[in-house]
1. State, in angstrom, two size descriptors of the chain derived from its alpha carbons: Rg to one decimal place and Dmax to the nearest whole number.
2. Please work out the Kirkwood hydrodynamic radius for the range 313-372, using every pair of different C-alpha atoms, and report it in angstroms with one decimal place.
3. For the chain, give the magnitude of the charge dipole about the Cα centre (Cβ charges: +1 Lys/Arg, -1 Asp/Glu; no others), in debye to the nearest 20.
4. Keeping all protein chains in position, work out how much accessible area K333 exposes to a 1.4 Å probe, and write it in Å² to the nearest 10.
5. 5 Å is the cut-off here: which amide hydrogens, built 1.01 Å from N in the peptide plane, fall below it relative to L203, excluding neighbours closer than 5 in sequence?
6. Once the piece of chain linking A426 and D91 is laid out straight, how much longer is it, given 0.36 nm per residue of separation minus the C-alpha distance between them?
7. Please work out whether the range 215-343 counts as rounded, prolate or oblate from its C-alpha gyration tensor, where a ≥ b ≥ c are the square roots of the eigenvalues and a/c under 1.5 means rounded, while otherwise a/b larger than b/c means prolate and anything else oblate?
8. Along the charge dipole of the chain, pointing to its positive end and built from +1/-1 on Cβ of Lys, Arg, Asp and Glu, which listed residue (A221, T341, G385) has its Cα farthest out?
Amino acid sequence: MPLSSASTPGVYKTDFRFRCIACGDLSDAASQDFRCSQCGDLLEITYPGWQRAKPDPTHLKTTWRNRRISQCAVDLSGVWRFRDLLPALDDDQQAITLREGNTPLYELPRCARITGVPRLFAKHQGMNPTASFKDTGMTVAATFARRAGFRWVACASTGNTSASMAAYAARGGMRSLVLVPEGKISWSKLSQALDYGAVTCQLRTDFDGCLRLPQQLVMKAPVYQLNSINPFRLEGQKTLALELLEQLDWQPLDHIIVPGGNLGNSSAIGKALIEMNDLGLISRLPKLSVIQAEGANALVRTLREAGGKRLISVPAETRATAIRIGNPASWKKAVHVLEATGGACEQVSEIEIAQAKAEIGAEGIGCEPASAVTLAGLKKLVKQGFVKPDETVVLVLTGNLLKDPDFTIDFHRGDMFGGESPSSAALKPLRHAPIVLDATLDAVIGALEQAE
Ligand code: F0G
């Protein structure tokens, strides 16, 4: 039973179409693999109604604020609350929701001092129901899967997509098939998919090897593809930007920094910013920058060596397993939003990632290693003069610390980076290894004194 069946009225019923990002072909329906029927490129969702009559920005803002006191399921969701800018449902009760979104925006005073950027915030998407940003996209895509009559959904994943998909499929009464690279995702993420009842296949390949299969599978079997090439996912992930701007009271900000893996999230946030600017919800575009691990730097190389014109794939290797991706599906969309917003693309080393993660942790905020690339990247962007000290910066923390406890424990025990190299010496003050003691008061007081 929904908590309350009376949702607040929408400003606008958002009829939508699919548009190919390469040839611009418009269609009312997408094929099973979400590829353009003319040229095979990716699709995005577009809202032709906005050309005819733009939704009124003031009315939208008021509607979204008013929904915050409603007890209806779609209003309690931090995604569906913004449904006026999402593909329309026939009935609000169709939404499969776990109350996703509604994530906190934290100030980061310590990291602000470290980077020399006083107005530094973290938008913590790890505070979503399955502890990553994937839930915001999954609520929309899973809803449209069920609406289209599918019994099975599938994805390839570095762990978070699969955890999220399995949860939303279970909530929506669908079955789910998960394809993950064997031995290359964290146990925490794997355990989520198992508990939510997914058929979980550990494949002897990497993420890029896994990703090819759902694409082929959906052409042969009635299975709905829930990777981020599914444009409904990106529509849901768009709401991060809406919620963030609302939290900033719609005051302009200068930079949003996100980790880049398969590049769906950066594409979604960029699409939101462009749409918000077009609709007059914001008066200027923040720069959206993407940070990758050095060992999984396909977008960095694509921009530097090919001017963003063709994808340079890489064999991916990083301990930030969420972004261990060498052949990102949404690279063209990401190049587009970087160009449109004037953002930068940087890469950071394994040591820089570990240090940044511990620095965020020292603020009392736990994130995944993949999320910490944002702070590591910010340090570089400040050094380059791309980010100025008087600017407002938001780091998107994509996943929760508990998603990958092995990384954190190895870091604090000093089991990472093979001993003390000069570059890892900077990490020493950030390490807090567990102390094994006899169960006596003296031993505990001794530990306290040592820590002083
Ligand atoms: N951060 C985390 C915690 C992730 O799980 C991912 C991607 C990213 C960043 C990168 O986002 O792919 O949209 O550029 N994880 C996917 C997965 C690939 O399968 O869970 P992206």
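The values are calculated or read from the model by the stated rules, or taken from the named source; none is laboratory data. All of these numbers come straight from a predicted model, not from anything done at the bench. A quick note on method: Cβ atoms are made from the backbone with ideal geometry, for glycine too, and the neighbour counts reach across all protein chains shown. With ligands, DNA and RNA removed, areas are computed over all heavy atoms of the protein, side chains included. Shrake-Rupley method; radii C 1.70, N 1.55, O 1.52, S 1.80 Å.
1. Rg and Dmax of the chain, Cα atoms, are 21.7, 76 Å.
2. On the way: mean 1/r = 0.0757 Å⁻¹.
For the range 313-372, inverting the mean 1/r across all distinct Cα pairs yields 13.2 Å.
3. Working: 50 positive and 47 negative charges, 240 e Å.
It comes to approximately 1160 debye.
4. Counting only protein heavy atoms, K333 exposes about 20 Å² to solvent.
5. Hits under the 5 Å cutoff: V180, E182.
6. Details: separation 335, 0.36 × 335 = 120.60 nm, distance 5.52 nm.
Gain on stretching A426 to D91: 115.1 nm.
7. Values: a/c = 1.99, a/b = 1.33, b/c = 1.50.
Here the range 215-343 falls in the oblate category.
8. A221
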